[in-house]
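S.K.: Mind having a look at this structure? Questions to follow.
The values are calculated or read from the model by the stated rules, or taken from the named source; none is laboratory data. All values derive from a computational prediction rather than experimental measurement. Cβ placement follows ideal geometry from the backbone for every residue including glycine, while neighbour counts extend to all protein chains displayed. When the accessible area is computed, the model is the full protein with side chains, heavy atoms only, and any ligands, DNA or RNA have been set aside. Shrake-Rupley method; radii C 1.70, N 1.55, O 1.52, S 1.80 Å.
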Amino acid sequence: MKLRSLCDINVQNKRVFMRVDYNVSLDSNSSIADDIRITQTLPTINYLLDHGAGIALASHLGRPAGSVDNKYSLKIVADRLGIYLDRKIRLIPDYWNNELSVDPGKIVMLENLRFHKGEEENDFALAKHISAYFDLFVNDAFGSSHRAHMSIVGISKYLKSCAGLLLEKEISLIDGLLNNKGGSLVVVIGGAKTPEKIGVIDNLLGKADTILLGGAVANTFLSTWGIKTGISLVDHEMIEMARQIMWKATQTSAKLVLPEDVIVSNQKQTRKPVELSYSQVPGHLAIYDIGKKTRKKYTDEIVSADSVIWNGPMGLFEKPQFKAGTDSIMQAMVKSKGITVIGGGDTLSALSNKGQLKDITHVSTGGGALLEYLEKESLPGINIVTQS
Ligand code: ADP
Ligand code: MG
């Protein structure tokens, strides 16, 4: 996929509408828990400012349901960005009913796009209104590019559009891995959202060398295989598709690997966790993590691969007694000398030591978007900045 690059465009004195994904995670007192989504956009912002453009940043935050809800104001994000850029970032509250102006070398931020219904409805009238104040649309929001929303798709109908540096970096890295430019590829899939991940496994069977499964996704595949999984979380609606994928796996060179041992406990997880073979799970217990042998096997696969993509925790990591599997994957990713990519909301929040992220080649800004891209290798927000 060859994207229209920002670097090929003269941005001097251009007014740029830049879509970013500042949908940062907030902690219990509504302050920013993790600002990596902000810091990752700094290269594009600095490039534009250094080359004489004026920028209006636009993002959504949370799910305010189409009307103003100050709980989801981007003010804290504008303030945090201001610290990194060492300047005050003016937040524009109502861009629908007011004129917008951005001078060269200046930067402003629009208030939460989802304060207007038109954002999620891909309202062309709103897109047209906004686009009248700009010369160029830069999409740097990989994490939102799976949505055909106004600030992604609508706006591109009225403005020349290109990819920001972060989006370009993310897509060229992932494309490279999927097209074997990074050597052998191991993919680790865990977590609970089997419907979102099963299509990824399907597509990657033709691309990866090895797919390692954990979490509730693995439970569904074990159950499909006829293994008794007790009261484990299994997505029964996905069984048929899992069956087809297991059949496909026998026809391709990729290895699809399931846990060989597991950690089990009772429904309320009050019982001391026990390690068992995958085939010995009693009817009244559930699988909550991968076992030691599986951790070792998965670690060996990850460490010896040229490239690794990981999405989804290996177990119910929210309980410390079921976190070891997920921790072991992260340690293996850190140890790996290959290219490593991590994505997924819960995957990132499961990491006990965020400092380890510096040893990962790329922390994807997209959870849902990454999965959809790994499945379809195209997204609405990527298509609009693809060279034809
Ligand atoms: P991500 O956001 O990283 O893509 P998901 O949203 O798919 O991941 O899944 C994360 C959730 O999966 C976590 O809340 C975790 O507790 C749950 N999970 C993982 N393995 C199991 C399991 N064996 N049983 C129950 N829940 C699990
Ligand atoms: Mg999740």
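S.K.: For a quick check of your reading of the model, give me the residue pairs whose first member lies in the stretch 9-29 and is within 28 Å of Tyr158 (Cα to Cα), whose second is of a type in the set (Ser, Thr, Tyr), with beta-carbon atoms closer than 6 Å and at least 6 apart or on different chains.
M.R.: Within 6 Å, the pairs are Arg19/Ser151; Val20/Thr41; Val20/Ser59; Asp21/Ser144; Asp21/Thr365; Tyr22/Ser59.
S.K.: Provide a single number: the residues in the stretch 166-201 that are more than 15 Å from Lys2 (Cβ to Cβ), away from ligand 1 (no atom under 16 Å from the Cβ) and outside any strand (DSSP E or B).
M.R.: First, the residues of the stretch 166-201 that are more than 15 Å from Lys2 (Cβ to Cβ): 166, 177, 180, 182-201.
Then drop every residue that is not away from ligand 1 (no atom under 16 Å from the Cβ), which leaves 166, 177, 180, 182-186.
Keeping just the survivors that are outside any strand (DSSP E or B) gives 166, 177, 180, 182-184.
Of the residues in that region, 6 qualify.
S.K.: Suppose we keep only residues that are without any contact (Cβ under 8 Å) to a residue 40 or more places away in the chain and outside any loop (DSSP other than H, G, I, E, B) within the stretch 133-158. Which one would you say is surrounded by the fewest Cβ atoms within 10 Å (Cβ to Cβ)?
M.R.: It comes out as Lys157.
S.K.: Now for a separate question. Within the stretch 211-224, is there a residue that is open to solvent by less than 10 Å² (accessible area, probe 1.4 Å), away from ligand 1 (no atom under 11 Å from the Cβ), under 27 Å from Asp175 (Cα atoms) and not in a helix (DSSP H, G or I)?
M.R.: Looking through the stretch 211-224, at least one residue is open to solvent by less than 10 Å² (accessible area, probe 1.4 Å), away from ligand 1 (no atom under 11 Å from the Cβ), under 27 Å from Asp175 (Cα atoms) and not in a helix (DSSP H, G or I).
The rows are residues; the columns are (1) within 11 Å of ligand 1 (Cβ to nearest atom); (2) of a type in the set (A, V, I, L, M); (3) farther than 19 Å from Gly190 by Cα; (4) more than 9 Å from the chain's Cα centre (by Cα).
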| site | (1), (2), (3), (4) |
| --- | --- |
| Gly345 | yes, no, no, no |
| Ala350 | yes, yes, no, yes |
| His362 | no, no, no, yes |
| Thr365 | no, no, no, no |
| Gly368 | yes, no, no, no |
| Leu371 | yes, yes, no, no |
| Leu374 | no, yes, no, yes |
| Ile382 | no, yes, yes, yes |
| Ser388 | no, no, yes, yes |
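S.K.: Filter the stretch 272-310 for residues that are more than 28 Å from the chain's Cα centre (by Cα) and part of a loop (DSSP other than H, G, I, E, B) and give the result.
M.R.: Matches in the stretch 272-310: Lys272, Pro273, Val281, Pro282, Gly283, His284, Leu285.
S.K.: Let me ask something else about it. Being without any contact (Cβ under 8 Å) to a residue 40 or more places away in the chain, surrounded by fewer than 18 Cβ atoms within 10 Å (Cβ to Cβ) and more than 16 Å from ligand 2 (Cβ to nearest atom) narrows it down to one of Lys354, Lys293, so name that one.
M.R.: Lys293
S.K.: Check whether at least one residue in the stretch 118-126 is touching a Gly at 6+ places or on another chain (Cβ under 7 Å), closer than 16 Å to Val20 by Cβ and modelled with pLDDT of 95 or more, and report yes or no.
M.R.: Taking every residue of the stretch 118-126 in turn, none turns out to be touching a Gly at 6+ places or on another chain (Cβ under 7 Å), closer than 16 Å to Val20 by Cβ and modelled with pLDDT of 95 or more.
S.K.: Can you confirm whether Ala127 is touching an Asp or Glu at 6+ places or on another chain (Cβ under 7 Å) and free of Cβ contacts under 8 Å to residues at least 40 places away in the same chain?
M.R.: no
S.K.: Now for a separate question. Let me spell it out: the conditions are (1) in contact with a strand residue (DSSP E or B) (Cβ under 9 Å, 6 or more places away or on another chain); (2) surrounded by fewer than 20 Cβ atoms within 10 Å (Cβ to Cβ); (3) more than 18 Å from Lys297 (Cα to Cα), and Lys197 meets all of them except one. Which number is the exception?
M.R.: (2)
S.K.: Here are Ile45, Ile83: which of them is within 18 Å of Ser161 (Cβ to Cβ) and part of a helix (DSSP H, G or I)?
M.R.: Ile45
S.K.: Do you know which of the residues in the stretch 335-351 that are in contact (Cβ under 8 Å) with a residue 40 or more places away in the chain and either of a type outside the set (Ser, Thr, Tyr) or open to solvent by less than 10 Å² (accessible area, probe 1.4 Å) (or both) is farthest from ligand 2 (Cβ to nearest atom)? Show your work before the answer.
M.R.: At the first step, the residues of the stretch 335-351 found to be in contact (Cβ under 8 Å) with a residue 40 or more places away in the chain are 338-339, 341, 344-349.
From what is left, the residues that are either of a type outside the set (Ser, Thr, Tyr) or open to solvent by less than 10 Å² (accessible area, probe 1.4 Å) (or both) are 338-339, 341, 344-348.
Values: Gly338: 25, Ile339: 23, Val341: 17, Gly344: 6, Gly345: 4, Asp346: 4, Thr347: 8, Leu348: 9 Å.
Step by step, filter the stretch 335-351, then rank; the result is Gly338.
S.K.: Can you name the residue in the stretch 225-246 that is within 14 Å of Leu213 (Cβ to Cβ) and of a type in the set (Val, Ile, Thr) and, of all such residues, is surrounded by the fewest Cβ atoms within 10 Å (Cβ to Cβ)?
M.R.: For the stretch 225-246, the residue satisfying everything is Ile227.
S.K.: Pairs needed: first member in the stretch 362-374, under 13 Å from Ile171 (Cβ atoms) and open to solvent by less than 10 Å² (accessible area, probe 1.4 Å); second member anywhere, within 11 Å of ligand 1 (Cβ to nearest atom) and assigned to a strand (DSSP E or B); C-beta distance under 7 Å; at least 6 residues apart or different chains.
M.R.: Ser364/Ile342; Leu370/Asn311
S.K.: On to the next question. Please go through the stretch 244-275 and pick out each residue that is touching an Asp or Glu at 6+ places or on another chain (Cβ under 8 Å) and of a type in the set (D, E, K, R).
M.R.: Answer for the stretch 244-275, where residues must be touching an Asp or Glu at 6+ places or on another chain (Cβ under 8 Å) and of a type in the set (D, E, K, R): Lys248, Lys255, Asp261, Glu275.
S.K.: Okay, next question. Going by the conditions given, is Asp327 closer than 24 Å to Glu196 by Cα, open to solvent by 40 Å² or more (accessible area, probe 1.4 Å), away from ligand 2 (no atom under 16 Å from the Cβ) and modelled with pLDDT of 95 or more?
M.R.: Yes: the conditions hold for Asp327.
S.K.: When you scan the stretch 1-41, how many residues do you find that are within 20 Å of Ile360 (Cβ to Cβ), of a type in the set (A, V, I, L, M, F, W, C), out of contact with any Lys or Arg (no Cβ under 7 Å at 6 or more places or on another chain) and assigned to a loop (DSSP other than H, G, I, E, B)?
M.R.: Initial filter on the stretch 1-41 (within 20 Å of Ile360 (Cβ to Cβ)): 21, 24-25, 33-41.
If we keep only those that are of a type in the set (A, V, I, L, M, F, W, C) too, we end up with 24, 33, 36, 38.
Keeping just the survivors that are out of contact with any Lys or Arg (no Cβ under 7 Å at 6 or more places or on another chain) gives 33, 36.
From what is left, the residues that are assigned to a loop (DSSP other than H, G, I, E, B) are 33.
Of the residues in that region, 1 qualify.
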